[in-house]
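Read through the structure below, which is laid out as structure tokens, and then see the notes.
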Amino acid sequence: MNFVAIDFETAKYSRESACSMGLVKFQNGKAVDTFYSLIRPPSLYIRPDFTEIHGLTVDDVRDAPKFADIWESDVRSFIGGFPLAAHNASFDMGVLLAVLDWYELDIPNLPYFCTCNLSRRTWPELKSHALTALAKKFNIHYNAHNALDDAMTCGKLVTMSAKKFGSANVAQLLSATGLKMGGLVK
């Protein structure tokens, strides 16, 4: 079970306003490496209501690298050839696409799948499939809306789902749940 779990936090509603990201690499179903970075958004502003959610302020990101500064050397090399997993993937993939577009970076062919959809197929009896609700249900202790903790929790859900279905890899897991891999496209 090899994949990279990804999560972004944003400074405001516009998707290119990423202010932090977390990545967790899973190999053979185990977390083997992590990457976390604060990100200086294109506009140095963080909505106060967003600060209330993720705790990040302008002072936290003022001296952080721009996404373009970490994309190739850190993020892209960390992901390698692994598929991405994100909870509510349309948001995180939308942020990734927006920051790549904002900085006029090439958009790679990155396959991804959504762990929120995966959790709905794996545990349909649950009332909520929000990351916080799933973490509470499965006793996963984490700091919600910290991009690295969110990514780690997302990855743990994938491994739990794979165990339930007896899946050895992502393709088997998606097949068992009737889900398909998405692809990052402009």
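For Thr34, the criteria (1) surrounded by fewer than 21 Cβ atoms within 10 Å (Cβ to Cβ); (2) in contact with a Leu (Cβ under 8 Å, 6 or more places away or on another chain); (3) assigned to a loop (DSSP other than H, G, I, E, B); (4) at pLDDT 95 or above hold in every case but one, which is (3).
Filtering region 132-158 to residues that are more than 16 Å from Ser37 (Cα to Cα) and crowded, with 23+ Cβ neighbours inside 10 Å leaves Leu134, Thr153, Cys154, Gly155, Leu157, Val158. Quick check: anything in region 173-180 under 18 Å from the mean Cα position of the chain (by Cα), open to solvent by 70 Å² or more (accessible area, probe 1.4 Å) and of a type in the set (D, E, K, R)? Yes; the residues of region 173-180 include at least one that is under 18 Å from the mean Cα position of the chain (by Cα), open to solvent by 70 Å² or more (accessible area, probe 1.4 Å) and of a type in the set (D, E, K, R).
For every residue, the table says whether it meets (1) farther than 24 Å from Val170 by Cβ; (2) buried (at least 18 other Cβ atoms within 10 Å of the Cβ).
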| position | (1), (2) |
| --- | --- |
| Phe50 | yes, yes |
| Ser77 | no, no |
| Ala86 | no, yes |
| Val95 | no, yes |
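The condition of being assigned to a helix (DSSP H, G or I), touching a residue at least 12 places away in the same chain (Cβ under 8 Å) and out of contact with any Leu (no Cβ under 6 Å at 6 or more places or on another chain) holds for Lys156.
For Pro124, the conditions (1) in contact (Cβ under 8 Å) with a residue 12 or more places away in the chain; (2) more than 19 Å from the chain's Cα centre (by Cα) all hold with the exception of (1). Can Ile107 be described as surrounded by fewer than 19 Cβ atoms within 10 Å (Cβ to Cβ), hydrophobic (A, V, I, L, M, F, W, C), within 25 Å of Val170 (Cα to Cα) and over 16 Å from the mean Cα position of the chain (by Cα)? Yes: the conditions hold for Ile107. For region 164-174, a residue qualifies if it is in contact (Cβ under 8 Å) with a residue 60 or more places away in the chain and of a type outside the set (Val, Ile, Thr), and the qualifying residues are Ser167, Ala168, Asn169, Leu173, Leu174. Would you mind stating whether Tyr13 is hydroxyl-bearing (Ser, Thr, Tyr) and at pLDDT below 95? Considered against the rule, which asks whether it is hydroxyl-bearing (Ser, Thr, Tyr) and at pLDDT below 95, Tyr13 comes out as yes.
The values are calculated or read from the model by the stated rules, or taken from the named source; none is laboratory data. From a predicted model like this one, the values you see are computed outputs, not experimental measurements. Cβ coordinates were reconstructed from backbone atoms using ideal geometry, including for glycine residues, and neighbour counts include every protein chain displayed. Note: areas computed on protein heavy atoms with side chains; ligands, DNA, RNA excluded. Shrake-Rupley method; radii C 1.70, N 1.55, O 1.52, S 1.80 Å.
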